[in-house]
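*Asks:* Once you've had a glance at the structure underneath, I'll fire off some questions.
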Amino acid sequence: MTRLAWRSMWSHKLRTILTMFAILLGVAMITGTFVITDQMDQGFKTIFDKSAQGTDVVITAKSAFTANYYGPSGTLPASLLDLVKAVPGVGEVAPVVYGSGAVVINGKPVATGGAPTLVYSVTPQRFSQIQYISGAMPAQSGAVAINAKLAGDKHLKLGDTIGLTTEQGLQNVTIVGVFNWADSASVGGATIVQTTLGDAQRWYNQVGRYTSISVAATPGVSADALAARIKAALPTDVTVKTAQQSAADSSKQVSQGFIKVLKLVLLPFGGVAVLVGAFIIFNAFSITVAQRLREFAMLRSLGASRRQVLLSVLGEALALGVVASLLGIGAGIGIAKGINSLFKAVGADIPTSGIVLASRTTIVALSVGIGVALVSSLAPALRATRVPPVAALQEGAALPATIIGRYSRWIAAGVAALGIASLVYGMIGPGTTTVRLSEMGLGVVLLFVAVAMVAKYVVRPLARAIGWPMAWVAGTSGRLARDNAGRNPSRTAATAAALMVGLAVVVFVAVFAQGFKSSFVGAIDRSLNAQFVITAQNQVPIPAAALAAVRFAPGVSDASSITVAPAKISGRSGTASAIGIDPTAFAQMWRFHWLKGGSDALLGRLAGTNVLVEEQAAIKYGLSPGATFTMMASTGQTAKFTVIGEYRDPTLLTGFVMAQPTYDSFLPMSQHDPTLIIAKAIQGDTAQVKASIIGALKAFPTAEVRTKSEYSDYLKKSINQFLLMLYALLAVSVVISIFGIVNTLVLSIYERTREIGMLRAIGTTRRQLRRIVRYESVITSIIGGVLGIVLGVFFAWIVTTRLGAQGITFAVPFGQLVIFLVLAAVVGVLAAVVPARRAARIDILAAIHYE
Amino acid sequence: MTEITANCTLTPPPGTDAENAVVMARELSKRYGEGDTAVDALRGVDVDIMRGKLTAVMGPSGSGKSTMMHILAGLDRPTGGTVTVDGIEITALKERALTMLRREKIGFIFQTFNLLPMLSAAENVELPLAIAGRRAEGEWLRSLIDDVGLSDRTTHRPAELSGGQQQRVAIARALVTKPAVLFADEPTGNLDSKTGEEVLGLLRRSVSDYGQTIVMVTHDAHAAAIADRIVFLKDGEIVFDCGSMARDDIYDVIKSLESSR
Ligand SMILES: Nc1ncnc2c1ncn2[C@@H]1O[C@H](COP(=O)(O)OP(=O)(O)OP(=O)(O)O)[C@@H](O)[C@H]1O
Ligand SMILES: [Mg+2]
């Protein structure tokens, strides 16, 4: 029986290869995701571990939670240094000040591809991994050392002057040293600038303060013991950790932070690909089982048991799953390597540490690949066992209907109900984001299965509708194509379902993005009553001094800013935003969309502990006007606030708005820089005013000035770029469904060999035959497209309007839907290329004698 | 033997009546494979198929009947020699032109009926016209379907028809284009004797009533007995070319051919 499975695979090489691809690509995406994120994890861990070398204990300000991953938000008073030095067992001690900024060359900030530019004060050699390649440690004010990658990329040498943006504006500094960090030219893509301690303190508002203190123990004192002693000697508002612990905590933060987000974003796309693959395997096995009916009947009549028949089919699936998964793992590693070199090529080398193939990756990939192969071939395998031995003798015997087949409508209804329940429960039920996303994902998968099950009922009407223009244009070819597509509705439905899945997700994303665009960008258009928006590159805040510069630029009547910091609401999970504005100035340039009877009068009361809440935050934290609550800053400082009004703004002011003085006293210095400045022109000529603002911001090279419409375009463009990435990921699923259509067509053509011979004999040209196949393919793919579009719009509708998530409106991009339908047709044309050629090449004589 | 084959000398040699020859084959040879394993399925066959006659082709298994028919019908190409159909030398035609010629001038009936399962009986009959982008004249179609005795079965699908009925649909399909010549390879091979009889009657009538030219390959002496002419093949050569014969005589010839191998 095992031999039989092998034979069957071998004799249908094309089918085997195509179904393998269906599993392979999904497995490759999952493997690739794990490998990439694991190697990033590993890369960051290596960096943190290396930087901990030579240090035993690290002292930082206590922070309640971390706002960003490369530094604490609070600072330490310099007086702590003496307290630390006095602790017995303390050897060398080094105060450190750091911050982030941007390197400016010829008035332009250096693009880092999203990686941070970190500014560190010098530390004694034993605490740092820095090795100077040329020059030396900066010793005078205005001198800096830079990492070798920056020097190499920008052709900088000792003695050159560069700009460095700091919290005190742009500083002109001279390069006195170039270094490697732990033998490499960059630290995972980050740019590093080393300054004197005094400069760092001045530039980062830490005069008389430090960001952290590194301690080395005297010989014989363990890091743990020393940490305990220091802790006892210092006030309680500082954090004392062994360097090892600190490195481990930092690694964990990164891996629980953006790496986890990356994983959560990428894995579902692998999941979609796997689901598409499952449909294809199910269909491939269903078709072959039907074609091998006689063979099974013959085996049964020769005494093979049902079990043996079952195992022979499942054995084939198992072999397929194992081989495809192994190849998929290989391909996944290949993808990861490709992405690594892609990142290298664009100069954004994320921290990597060579390929990491964790055993978890292998286990998940293998079980997904093999599991999908087995589960999706189970139903066809069970059908094979139902073949009665007598079928061996009957001409044109058909497979007996299974129980599933007979009650498919009811089962489908049940599956759909379960799917909707799971979807809705995931959206409104309790649980963490991951749990709820999984519930929604399960719901979507069940709905896909349900639709695929009932799709066979709409195949014929749809084929008739789609085939109608074809029959009109191409006469009999179109007519035959249409009839062929409707000939075996279950088969066509399952084939179309594979494309449906990929396309539904594409459409969901498109509709969702459309809503996103129209509500986010639309909100800006409606609310912003100013002509200019100023933001900083790389999401780094703009130095506070820039606000005054803009305000006094010629042609500007007034400017105002938005300052944002993370904050926690006591008793609630998640991180909210605390937003500081100047109520009077801001109100001149911003139209609030008041809810619950609020009006601009509320802005007059926005002072002290009074705050305004955005609709979504109000819902999320259950805080309506009148409520009083406690908020905690990242420093751990807490304060009580009272909600005095509610407004809607899905784009900018998404959190709790308070008056600037309240914000400044509640949140630490390091979070005082605005993220966005808006400016109003006295009148008219915006090009001139824009030039004037740009001129006024000479000292702040990272600031980007846009007019209101440029800003909307910029937002739209960012969304589109993100969309493009999602579409690229989804393209894999669409490609897999192409394999599915190819497979079905090839198997169907094989079944119809004799018929095709007859058609050729009575005068059908090769071209007509190719057209028949192509049209059948297009009909199938458009059925998949229509189902996918309907489902995708439905999902988007549920997610947006039914549950009003994030205030995104439901807007259908009809133009795009038409494009997707055309795309589906193109998929059909592409899928038909090989099968059509095969059909046209069929030898008439061989076909007529074909059994 | 001599008395039987006396009838066979009556057939004039090829080329005598070129006017009335629909199909003319000259020096036809077909070799399968190469070298030691090569098989000569046809070795220099000269034959004319006359208009309005039913010609049967007989011979032992492997004698080259199907091969000859396929070549005459433009389904296969000979290794050597020429075939002319209705004045057109088909051995010189390109693939597409050959397809067009089959479409216009040639009809087929297969042993297995080869109907399209998703089309109704009437649609199957019309299929060759539909493929050619032509419409059937309603009158002709109706009388044809009537003649083959399917007027009450036009909307049925092949799966709902008996074997005999299916073959009658196939015959109607072959006749619908009024082909210059109709080829049938063992058309009764898959039918019981009664239905076979009906099908033979139908073929005979289409020759007698419409003047249809038919070439029929058969193993069945009973079937060959309705022919106007019987060509006997052996080892790729025509050994006898006879006028119409009685069943028993045909049987005798076959026997002698099979025993003398
Ligand atoms: N495609 C092929 N390749 C090789 N040899 C072939 C091929 N087709 C036919 N032959 C050989 O050519 C010879 C003639 O075959 P053909 O099918 O014409 O015989 P036939 O008279 O129709 O026989 P039957 O009565 O059994 O149908 C046979 O020896 C056969 O083996
Ligand atoms: Mg034959």
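*Asks:* Could you size up the charge dipole of the protein assembly as shown around its Cα centre, putting +1 on the beta carbon of Lys and Arg and -1 on that of Asp and Glu, and report it in debye to the nearest 20?
*Replies:* Dipole of the protein assembly as shown, to the nearest 20 debye: 1840 debye.
*Asks:* With runs of 4+ DSSP H residues as the only contributors, calculate the mean residue ellipticity of chain B at 222 nm using -39,500 (n - 2.57) per run, divided by the residue total and rounded to the nearest 500.
*Replies:* Counting only the DSSP helices, I get -10500 deg cm²/dmol.
*Asks:* Hey, what's segment A:541-701 come to in accessible area per residue, 1.4 Å probe, Å²?
*Replies:* Accessible surface, normalised per residue, equals 40 Å².
*Asks:* Can you compute the FRET efficiency between B:ASP228 and A:ARG294 using 1/(1 + (r/R0)^6), with r the Cβ-Cβ distance and R0 = 35 Å? Round to the nearest 0.05.
*Replies:* Between B:ASP228 and A:ARG294 the formula returns 0.25.
*Asks:* Then there's this: Have a look at A:SER573, A:LEU499, A:VAL556 and report the one farthest towards the positive end of the charge dipole of chain A, computed about the Cα centre with Cβ charges (Lys/Arg +1, Asp/Glu -1).
*Replies:* Selected residue: A:LEU499.
*Asks:* Counting only other chains, what is the mean number of Cβ atoms within 10 angstrom of the Cβ of each residue in peptide A:471-480?
*Replies:* For this peptide, the per-residue mean of nearby foreign Cβ atoms is 3.
*Asks:* Another one. Sorted by average packing, counted as other Cβ atoms within 10 angstrom per residue and highest first, what order do A:491-499, A:368-376 take?
*Replies:* Final packing ranking: A:491-499, A:368-376.
*Asks:* Also, I was wondering about something else. Report, in listed order, any pair from A:LYS45/A:LYS157; A:LYS62/A:LYS252; A:LYS241/A:LYS640; A:LYS13/B:LYS94; A:LYS45/A:LYS85; A:LYS13/A:LYS337 with a Cα-Cα distance greater than 23 Å.
*Replies:* A:LYS45/A:LYS157; A:LYS241/A:LYS640; A:LYS13/B:LYS94; A:LYS45/A:LYS85; A:LYS13/A:LYS337
*Asks:* So what's the back-of-envelope 222 nm ellipticity for chain A, counting only DSSP H runs of four-plus at -39500 (n - 2.57) apiece and dividing by all residues, rounded to 500?
*Replies:* -19000 deg cm²/dmol
*Asks:* Same structure, new question: Between chains B and A, what is the buried accessible area in Å², counting both sides, with a 1.4 Å probe and ligands, DNA and RNA left out, to the nearest 100?
*Replies:* In total, chains B and A hide about 2200 Å² from solvent.
*Asks:* Further question: Note every residue of segment A:736-778 with a reduction of at least 50 square angstrom in accessible area, all protein chains present versus the isolated chain, computed with a 1.4 Å probe, or write none.
*Replies:* Listed by number, the residues meeting the 50 Å² cut-off are A:ARG754, A:MET758, A:ALA761, A:ILE762, A:GLY763, A:THR765.
*Asks:* Could you put B:THR67, B:THR16 in order of accessible surface area, largest first, with the 1.4 Å probe and the full protein assembly present?
*Replies:* B:THR16, B:THR67
*Asks:* Taking the Cα atoms only, what angle lies between the long axis of helix A:766-797 and the longest principal axis of chain A, rounded to 10 degrees?
*Replies:* 40
*Asks:* Additional query: Given the C-alpha centroids of segment A:489-513 and segment A:462-482, what is the distance between them in whole angstrom?
*Replies:* Each part reduced to its Cα centre gives a spacing of 22 Å.
*Asks:* Tell me, what is the per residue accessible area of segment A:57-252 in Å², probe radius 1.4 Å?
*Replies:* With all protein chains present, segment A:57-252 gives 42 Å² per residue.
*Asks:* If packing is taken as the mean number of other Cβ atoms within 10 Å per residue, what is the order of A:687-697, B:118-128, highest first?
*Replies:* B:118-128, A:687-697
*Asks:* To continue, here is another question. Would you mind telling me the share, in percent, of accessible area of chain B contributed by carbon and sulfur at probe 1.4 angstrom?
*Replies:* Ligands and nucleic acids excluded, carbon and sulfur reach 47 percent.
*Asks:* At 7 Å along the Cα-to-beta-carbon direction for both A:TRP6 and B:GLU137, put a label point, then send me their distance in nm to one decimal.
*Replies:* Here the answer is 6.5 nm between the modelled labels.
*Asks:* When the accessible area of segment A:541-701 is split by element with a 1.4 Å probe, what percent falls to carbon and sulfur?
*Replies:* 57
*Asks:* Ok, one more. Can you give me the accessible area per residue for segment B:145-255, using a 1.4 Å probe, in Å²?
*Replies:* 39
*Asks:* While we're here: From the protein chains alone at 1.4 Å, what is the descending order of accessible area for A:ASP713, B:ASP36, A:ASP183, largest first?
*Replies:* B:ASP36, A:ASP183, A:ASP713
*Asks:* Rounded, prolate or oblate: which one fits segment A:57-252, using the alpha carbon gyration tensor with axes a ≥ b ≥ c (rounded when a/c is under 1.5, else prolate when a/b beats b/c, else oblate)?
*Replies:* prolate
*Asks:* Provide the gained length on full extension for the span A:PHE552 to A:VAL833, in nm with one decimal, where the gain is 0.36 nm per separating residue minus the Cα-Cα distance.
*Replies:* Between A:PHE552 and A:VAL833, full extension yields 94.5 nm more.
*Asks:* If r is the Cβ-Cβ distance from A:ALA86 to A:ASP237 and R0 is 22 Å, what FRET efficiency results, to the nearest 0.05?
*Replies:* Plugging the Cβ-Cβ distance into 1/(1 + (r/R0)^6) gives 0.75.
*Asks:* Now for a separate question. Please work out the C-alpha center-to-center distance from segment B:226-261 to segment B:162-213 and express it in whole Å.
*Replies:* 22
*Asks:* Which residues belonging to segment B:97-124 lose at least 50 Å² of 1.4 Å-probe accessible area when the assembly is complete, relative to their chain isolated?
*Replies:* Listed by number, the residues meeting the 50 Å² cut-off are B:ARG102, B:PHE110, B:ASN114, B:LEU116, B:MET118.
*Asks:* At a Förster radius of 30 Å, what calculated FRET efficiency corresponds to the Cβ-Cβ distance of A:TRP594 and A:ALA627, to the nearest 0.05?
*Replies:* 0.95
*Asks:* Moving to a separate point now. Counting only protein heavy atoms, what percent of the accessible surface of segment A:242-351 is carbon or sulfur at a 1.4 Å probe?
*Replies:* The C+S portion of the solvent-accessible surface of segment A:242-351 is 67 percent.
*Asks:* For A:ALA687 paired with A:TRP410, estimate the spin-label separation in nm (one decimal), with each label point 7 Å from Cα along the Cα-to-Cβ line.
*Replies:* Result for the modelled spin labels: 7.4 nm.
*Asks:* Can you tell me the orientation of helix A:408-428 relative to chain A, as the angle in degrees between its alpha-carbon axis and the longest Cα principal axis, to the nearest 10?
*Replies:* Value to nearest ten degrees: 0.
*Asks:* Against the longest alpha carbon principal axis of chain A, how many degrees, from 0 to 90 and to the nearest 10, is the axis of helix A:13-52 turned?
*Replies:* 10
*Asks:* Quick check: pseudo-label points 7 Å beyond the Cα along Cα→Cβ at A:SER79 and A:ALA139, how many nm apart are they?
*Replies:* Modelled inter-label distance: 3.3 nm.
*Asks:* For segment B:131-180, what class follows from the C-alpha gyration tensor (a ≥ b ≥ c being the square roots of its eigenvalues): rounded when a/c is under 1.5, otherwise prolate if a/b is larger than b/c, else oblate?
*Replies:* Cα axes put segment B:131-180 in the prolate bin.
*Asks:* Can you give me the Cα centroid spacing of segment A:356-388 and segment A:276-307 in angstrom?
*Replies:* 16
*Asks:* Just subtract the alpha-carbon distance of A:PHE258 and A:LEU724 from 0.36 nm times their residue separation and send over the number in nm, one decimal.
*Replies:* Gain on extension, A:PHE258 to A:LEU724, equals 165.7 nm.
*Asks:* For A:SER184 and A:SER573, calculate 0.36 nm times their separation in residues minus their Cα-Cα distance, and state this gained length in nm to one decimal.
*Replies:* Going from the current span to full extension adds 136.1 nm.
*Asks:* Per Stokes-Einstein, at 25 °C and 0.890 mPa s, what whole-number D in µm² s⁻¹ belongs to chain A, with the Kirkwood radius over Cα pairs as the hydrodynamic radius?
*Replies:* Estimated via Stokes-Einstein, D reaches 79 µm²/s.
The values are calculated or read from the model by the stated rules, or taken from the named source; none is laboratory data. A quick note: this is a predicted structure, and the numbers were derived from the prediction, not measured. When we count neighbours, we look across all protein chains shown, and the Cβ atoms used for this are built from the backbone with ideal geometry, even at glycine. Note: accessible area is taken over every heavy atom of the protein model, side chains too, but ligands, DNA and RNA are not part of it. Shrake-Rupley method; radii C 1.70, N 1.55, O 1.52, S 1.80 Å.
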